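See below for the structure under consideration.
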């Protein structure tokens, strides 16, 4: 039986080594480009160098390497690769532009000019290449060649604003003032309704001290645009230079009334008035600056800069209660402005608005979690509103961020001493005061409070007496410190000495209910009952209403 012939199986042709090489190159090249686009330049560089090993003469690879080396600041290797790709393909504009870039980076301006000349020759239709060549000529001082290019461009395209400005810049380099004026006048003649052209001439005249000619240009602009803010600012400068402050301020007001003048410019101007008023106590600067701030408030009421500068002038006028509202508006309007938040917290503190201070400092902590001052204010505020636990927490949190600032660290320890005392955590209170005294052993606030709190606890009275005595040596005739010392003597049962200190303290300054109550207590211990009652009554009249005082008055005796 004859066998049936079988069909032949197809066989793949083997891939040539050249094809394999090209496929491998393409794959690596694509991966390198992807890495470069993601910004992973070092990894991309490795892959492009691998590509170069496979195909050393490939201009595209040299271009990629040159570009990355330039981005990495390796200028020598960037130039080597830029030359390689530019010489390999002189009709590729991107290769030529990279080479120009590399030459300019190394200040090889003459070589850059030659490449630009070839670019213009190879791409005569590209105006930007001609303009760039003109700029390159001016860099190496070949002004006539640069000027010739601009003249040719004008013949082709007519008078053009940017070309004229470039020509004027060239002429300025050569100190050809008359030619500069002539070029600017030609530009103006091309379109007399364009206010920018008058402005160029006005700037030119001011620079050359021809103020009257500049004024004429400004007047011309105002006939076209009566409320042009830039011109009104320029006229302010013009009249200011002549000492005509009234006229100058008139034009400044007009500029501020125009919403087209940006807020940042207005803020910068008003801030100069504020600084003069603040630093030199200049009443006129304060008056004029405040007037401009009010205009800003009318024109740009929601801008944070407006609210900041208006609040600054209110503060300067000692109108703190109103100022704090505008600082708040500015702060929430620009949550990243730490300086404004600081101003807000300082005013809250100075106005003793501790509810507001607690709320605002909590917001500031949220926006600036590593700024210790925010925690300090939050701790103080919570202490004042008797949230002692929260106060201690904020103060401990904030202390973590204090570095290399002993003054601020001292403030934290002082407040922790107070807050922990009110929380009845006496060991931590004492430690905080001890830590504060390590920083400043002569701090009278710490010495007094530490001593006073010890006396109230009737503990370690010898130490309390030494601390308080030192306080009074450092700050004599301070009635609060005298009261503390007198009270410690009272606790030590040194009633005669205590009487002398408390009597002297009670005579200083306005009537203080605490001092008067203490004075009454020591008088009672000395069996001077009528005099003691008189002092307790005076304490109540001065505003004292503590439970212990009211009981003494009711019982007419001291209740130990």
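The values are calculated or read from the model by the stated rules, or taken from the named source; none is laboratory data. Here the structure is a predicted model, which is why all the values come from computation and not from measurement. Virtual Cβ from ideal backbone geometry, glycine too; neighbours counted across all protein chains shown.
Of 324, 309, all but one fail to be touching a helix residue (DSSP H, G or I) at 6+ places or on another chain (Cβ under 7 Å), under 27 Å from residue 228 (Cα atoms) and part of a helix (DSSP H, G or I); the exception is 309. Here 441, 415, 407, 394 are screened, and the one residue that is surrounded by fewer than 17 Cβ atoms within 10 Å (Cβ to Cβ) and within 30 Å of the chain's Cα centre (by Cα) is 407. Quick check on segment 394-413. Is at least one of its residues in contact (Cβ under 8 Å) with a residue 40 or more places away in the chain and within 18 Å of residue 364 (Cα to Cα)? Taking every residue of segment 394-413 in turn, at least one turns out to be in contact (Cβ under 8 Å) with a residue 40 or more places away in the chain and within 18 Å of residue 364 (Cα to Cα).
For residue 383, state whether it is under 27 Å from residue 478 (Cα atoms) and within 25 Å of the chain's Cα centre (by Cα). The answer is no for residue 383. Across segment 230-259, the qualifying residues are those that are modelled with pLDDT of 95 or more and not in a helix (DSSP H, G or I), and the one among them that is nearest to residue 334 (Cα to Cα) is 259. Among the residues of segment 523-538, is any assigned by TED's automatic domain parsing to the domain that holds residue 445, closer than 28 Å to residue 424 by Cβ and part of a loop (DSSP other than H, G, I, E, B)? Within segment 523-538, not a single residue is assigned by TED's automatic domain parsing to the domain that holds residue 445, closer than 28 Å to residue 424 by Cβ and part of a loop (DSSP other than H, G, I, E, B). When 130, 126 are checked against the criterion of being modelled with pLDDT under 95, surrounded by fewer than 22 Cβ atoms within 10 Å (Cβ to Cβ), within 25 Å of residue 165 (Cα to Cα) and touching a helix residue (DSSP H, G or I) at 6+ places or on another chain (Cβ under 7 Å), 130 stands alone in meeting it. What about residue 368, is it over 24 Å from residue 279 (Cβ atoms) and modelled with pLDDT of 95 or more? For residue 368, the condition - over 24 Å from residue 279 (Cβ atoms) and modelled with pLDDT of 95 or more - is met.
Only residues that are over 26 Å from residue 475 (Cα atoms) and in a helix (DSSP H, G or I): list them for segment 539-560, please. Listed by number, the residues that qualify are 540, 541, 547, 548, 549, 550, 551, 552, 553, 554, 555.
Where in segment 112-210 are the helices (runs of 4 or more DSSP H), entirely inside, with at least 2 residues that are in contact (Cβ under 8 Å) with a residue 24 or more places away in the chain and closer than 24 Å to residue 233 by Cβ?
On the way: elements: 127-139, 143-157, 161-173, 177-190, 195-207.
Of the helices (runs of 4 or more DSSP H) lying wholly inside segment 112-210, those with at least 2 residues that are in contact (Cβ under 8 Å) with a residue 24 or more places away in the chain and closer than 24 Å to residue 233 by Cβ span 161-173, 177-190, 195-207.
For segment 34-47, a residue qualifies if it is surrounded by fewer than 19 Cβ atoms within 10 Å (Cβ to Cβ) and over 39 Å from the mean Cα position of the chain (by Cα), and exactly one does: 46.
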